[in-house]
Structure formats: structure tokens, C-alpha cells
Amino acid sequence: DSGVTQTPKHLITATGQRVTLRCSPRSGDLSVYWYQQSLDQGLQFLIQYYNGEERAKGNILERFSAQQFPDLHSELNLSSLELGDSALYFCASSVGGTFQGDTQYFGPGTRLTVL
Amino acid sequence: AQKITQTQPGMFVQEKEAVTLDCTYDTSDQSYGLFWYKQPSSGEMIFLIYQGSYDEQNATEGRYSLNFQKARKSANLVISASQLGDSAMYFCAMRGAVNFGNEKLTFGTGTRLTIIP
């Protein structure tokens, strides 16, 4: 158990819908990262938050947004869903310091299926 | 930009044998970190081992060791005395120079390891 929790574990929805994925980081970690794992794209970095502020953006679609709350949990919002958004979405957390050994620990993932 | 290459899509290894999973990387950064993660069929990503670019010794964590050859830009994972529970996907990942906002991991495509009893 990494200490990172993600809900829900599975999500099945229809095209055009909007969903929210939730993540709670490990105790003491200030950084939260979101990654998408799909068969065609592999593991891709989406976005990072540090202590409530957006810190880095990757290959995140405009239909996707995220935020980190004062209690440090984070939510990833996916809207106008398309079939190609079906993937495993991971949240990871780390202490968030700018040191090379800062390790990211991953949650169990949310498997999103868009029908 | 960082790039990770894992050239072995799949490997089959006899139980109790040692196995080496290959990883090569490309970066222009002088300082970087290399990580290995395990993804069992259940889907979670489990951190295994870390190697810093300035570390003089190869990292070890229990049965896992990292064969770091900086000049060759390779960071192979070695699993000693393999067990059935080692069957999983293994991902090599890299973090570039430590700068604000540059903390993301770049992953390879993974190697699926199957341990044969």
C-alpha cells in the first residue's frame, strides 16, 4: 500500500459526459501528479500541483482540468468525454522538494471506460 | 527533453533465475534520476528502486539492483532469484534536472516479465 488513495476504482460512463476523479496523497506529501495510461500512448504526465498551486502541465487536453484543495487532496475533472479518453488514470504524490531523489508514489488508479 | 527506451516487450524466465531488464535513456541534463516501477496485473504502480546520476554506487533494494552505466546511458534492473510474484510489467522512468516545475516522470514502454515455475 503506497498510502495514496484514489476513488473511484472503476468508472463507466457515456460519451459527452463529465466525471471527477479524486486523489488523496500520502501524509506529508505536498506534490500531486496525474498520469494517464492508455494502450496507444503509454504512461503520460498530465499535470502537477504543489501545495495547492499548479506547478507543471503536460499533455493535458483542454477538456480536462484539475485542482488541489487546501487539505491537499486533488481532483481531476474530465468533460465532454470521448471514446479515446478510456484509460487508467493514476495519481501520484511526493514530498515535492526540488531534490533528485524525490520519489513519486502511485495510487491504485481509476479505470475509466467511456462507452 | 528526456527519453526512455525499453527494447524488450516481453521476457520469460525460469523461477529462481536472475533476470535483467534493459533500459536506456537520453537526456542533455547533467543531473537526473532514474526509477523503476512494477505494475502487476492488478494495475497498481509499485516503486522499486531509484538511482541518481551522481550516485557512485549502484542502487540496491533487497532482490532488486540497478546496473547503472552512465557512459552508455543505461540503467538496467536486475532481479535476483526470481519468484512467481515477480510476474508483472516493469517500467523504467526518468526525472530530469531538478528545476521548479520539471519534476514529472518520463516513462518507457515497459517490459512484461513472466516467471515460469
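Data for the structure
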{"item": "Residue count, segment B:87-117 (criterion: over 17 Å from A:LEU46 (Cα atoms), in contact (Cβ under 8 Å) with a residue 60 or more places away in the chain and of a type outside the set (S, T, N, Q))", "result": "11"}
{"item": "In segment A:81-101, the residues that are facing chain B (nearest Cβ under 7 Å) and of a type outside the set (A, V, I, L, M)", "result": "A:PHE90, A:THR98, A:PHE99, A:GLN100, A:GLY101"}
{"item": "Among (1) loosely packed, with under 13 Cβ neighbours inside 10 Å; (2) on the phi > 0 side of the Ramachandran plot, the one test that B:PRO117 misses", "result": "(2)"}
{"item": "Residue in segment B:24-42 that is of a type in the set (A, V, I, L, M) and either farther than 20 Å from A:THR98 by Cα or out of contact with any Lys or Arg (no Cβ under 9 Å at 6 or more places or on another chain) (or both) present", "result": "no"}
{"item": "Tally, over segment B:47-59, of residues that are farther than 19 Å from B:GLY10 by Cβ and under 13 Å from the mean Cα position of the chain (by Cα)", "result": "7"}
{"item": "Pairs, first more than 7 Å from every other protein chain (Cβ to nearest Cβ) and surrounded by 15 or more Cβ atoms within 10 Å (Cβ to Cβ) in segment A:32-45, second assigned to a strand (DSSP E or B) and of a type in the set (Val, Ile, Thr), C-beta under 6 Å, six or more apart", "result": "A:TRP34/A:ILE47"}
{"item": "Residues satisfying the stated conditions in segment A:12-26, i.e. part of a strand (DSSP E or B) and surrounded by fewer than 19 Cβ atoms within 10 Å (Cβ to Cβ)", "result": "A:ILE12, A:THR13, A:VAL19, A:THR20, A:ARG22"}
{"item": "Single residue of A:ASP40, A:ASP29 found to be charged (D, E, K, R), out of contact with any His (no Cβ under 7 Å at 6 or more places or on another chain), part of a loop (DSSP other than H, G, I, E, B) and modelled with pLDDT of 95 or more", "result": "A:ASP29"}
{"item": "Number of positions in segment B:23-52 that are surrounded by fewer than 21 Cβ atoms within 10 Å (Cβ to Cβ), β-branched (Val, Ile, Thr) and in a strand (DSSP E or B)", "result": "2"}
{"item": "Residue in segment A:48-80 that is nearest to A:ASP29 (Cα to Cα), counting only those that are at the interface with chain B (Cβ under 9 Å from one of its Cβ atoms) and crowded, with 20+ Cβ neighbours inside 10 Å", "result": "A:TYR50"}
{"item": "Yes/no for B:GLN8 being touching an Asp or Glu at 6+ places or on another chain (Cβ under 7 Å) and more than 10 Å from every other protein chain (Cβ to nearest Cβ)", "result": "yes"}
{"item": "Filter result for B:GLN8 (in contact (Cβ under 8 Å) with a residue 12 or more places away in the chain, part of a loop (DSSP other than H, G, I, E, B), under 13 Å from the mean Cα position of the chain (by Cα) and surrounded by 15 or more Cβ atoms within 10 Å (Cβ to Cβ))", "result": "yes"}
{"item": "Members of segment A:22-31 found to be at negative phi and either without any contact (Cβ under 8 Å) to a residue 12 or more places away in the chain or more than 11 Å from chain B (Cβ to nearest Cβ) (or both), listed by number", "result": "A:ARG22, A:CYS23, A:SER24, A:PRO25, A:ARG26, A:SER27, A:ASP29, A:LEU30"}
{"item": "Any strands (runs of 3 or more DSSP E) falling wholly within segment B:53-110 and containing at least 3 residues that are away from chain A (no Cβ under 14 Å)", "result": "B:64-69, B:74-79"}
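The values are calculated or read from the model by the stated rules, or taken from the named source; none is laboratory data. Please read these numbers as outputs of a predicted model, since none were measured by experiment. Reconstructed Cβ throughout: ideal geometry from the backbone, glycine too, with neighbour counts over all protein chains shown.
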